[in-house]
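Inspection log for the structure reproduced underneath, given as structure tokens.
The values are calculated or read from the model by the stated rules, or taken from the named source; none is laboratory data. Since the structure is predicted, the reported quantities are computational estimates derived from the model, not experimental observations. Ideal geometry is used to build each Cβ from the backbone, glycine not excepted, and the neighbour counts take in all protein chains shown.
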Amino acid sequence: MKLIAGVDEAGRGPLAGPVFAAAVMLDPGRPIAGLADSKALSAKTRERLAALIKEQALAWAVAESSVAEIDALNILQASLLAMARAVAALRPQPEEIEVDGLHCPVVAMPARAIVRGDAQVAAISAASILAKTARDAELLRLHTLFPQYGLDRHKGYPTAAHLSALEKHGVAIIHRRSFAPVRRRLIVAGST
């Protein structure tokens, strides 16, 4: 049996918080029913499936790239870095990886990008779920430190409520300064 890992990220679009990635090698002898693109699942279903994935997968790993790395590299490169970190943390190492989207991280094994892979490949769906649940948990933690931004509701995405909070409270260390709405707020405030 060839060891193939599915890889996906969560959190490319938000204005705040790290970007997360996960890598998962499923056990063909222990299939997990209900795997799908994490965006198509309820939070409760994602949490239930995340626990099953962690219990039944051959291997799984979650990694992140920080806000500082996102601002220094750009969101695509930071996402690929988080993916490479997740793959590197897998034990055993996969022989090949399949990645959701158009781009593959730099890794030691063959990699294949699959557009809409999170809806077509079970291992990528599993990675999507682990990345999303890990990121959501981190944003809930950040909400306890920065409650004025409402991260518990919008998870850092550029909703009207988040943009309004940025106007009212300014930019915090959790915000991605390279993202246009945050950068505009910094310019208005006269700082960078």
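When region 5-31 is limited to residues that are out of contact with any Ser or Thr (no Cβ under 9 Å at 6 or more places or on another chain) and surrounded by fewer than 20 Cβ atoms within 10 Å (Cβ to Cβ), the one that is farthest from residue 179 (Cα to Cα) turns out to be 29.
Confirm whether residue 78 is within 12 Å of the chain's Cα centre (by Cα), of a type in the set (A, V, I, L, M) and within 25 Å of residue 179 (Cα to Cα). So residue 78 passes the test.
Scanning region 107-133 for residues that are under 17 Å from the mean Cα position of the chain (by Cα) and basic (Lys, Arg), we see that the one that is modelled with the lowest pLDDT is 116.
Looking across region 40-93 at every residue that is part of a loop (DSSP other than H, G, I, E, B) and of a type in the set (Ser, Thr, Tyr), the one that is surrounded by the fewest Cβ atoms within 10 Å (Cβ to Cβ) is identified as 42. When residue 159 is tested against (1) over 20 Å from residue 59 (Cα atoms); (2) in contact (Cβ under 8 Å) with a residue 60 or more places away in the chain, exactly one condition is not met: (2). Would you check if residue 131 is touching a residue at least 12 places away in the same chain (Cβ under 8 Å), of a type in the set (A, V, I, L, M, F, W, C) and buried (at least 20 other Cβ atoms within 10 Å of the Cβ)? So residue 131 passes the test. For region 19-39, residues that are in a loop (DSSP other than H, G, I, E, B), touching a Leu at 6+ places or on another chain (Cβ under 7 Å) and touching a residue at least 24 places away in the same chain (Cβ under 8 Å) total 4. Which of the residues that make up region 97-150 are among the β-branched types (Val, Ile, Thr), closer than 19 Å to residue 35 by Cβ and assigned to a loop (DSSP other than H, G, I, E, B)? Answer for region 97-150, where residues must be among the β-branched types (Val, Ile, Thr), closer than 19 Å to residue 35 by Cβ and assigned to a loop (DSSP other than H, G, I, E, B): 115, 121. Of all residues in region 170-190, those satisfying the criterion of being in contact (Cβ under 8 Å) with a residue 12 or more places away in the chain and either surrounded by 17 or more Cβ atoms within 10 Å (Cβ to Cβ) or outside any helix (DSSP H, G or I) (or both) are 170, 171, 172, 173, 174, 175, 176, 177, 178, 179, 182, 185. In region 174-189, which residues are in contact with a helix residue (DSSP H, G or I) (Cβ under 9 Å, 6 or more places away or on another chain), among the aliphatic types (A, V, I, L, M) and within 18 Å of residue 19 (Cα to Cα)? Passing the criteria: 174, 182. Taking the numbered list (1) at positive phi; (2) touching a Lys or Arg at 6+ places or on another chain (Cβ under 8 Å) in turn, residue 95 passes all entries but (1).
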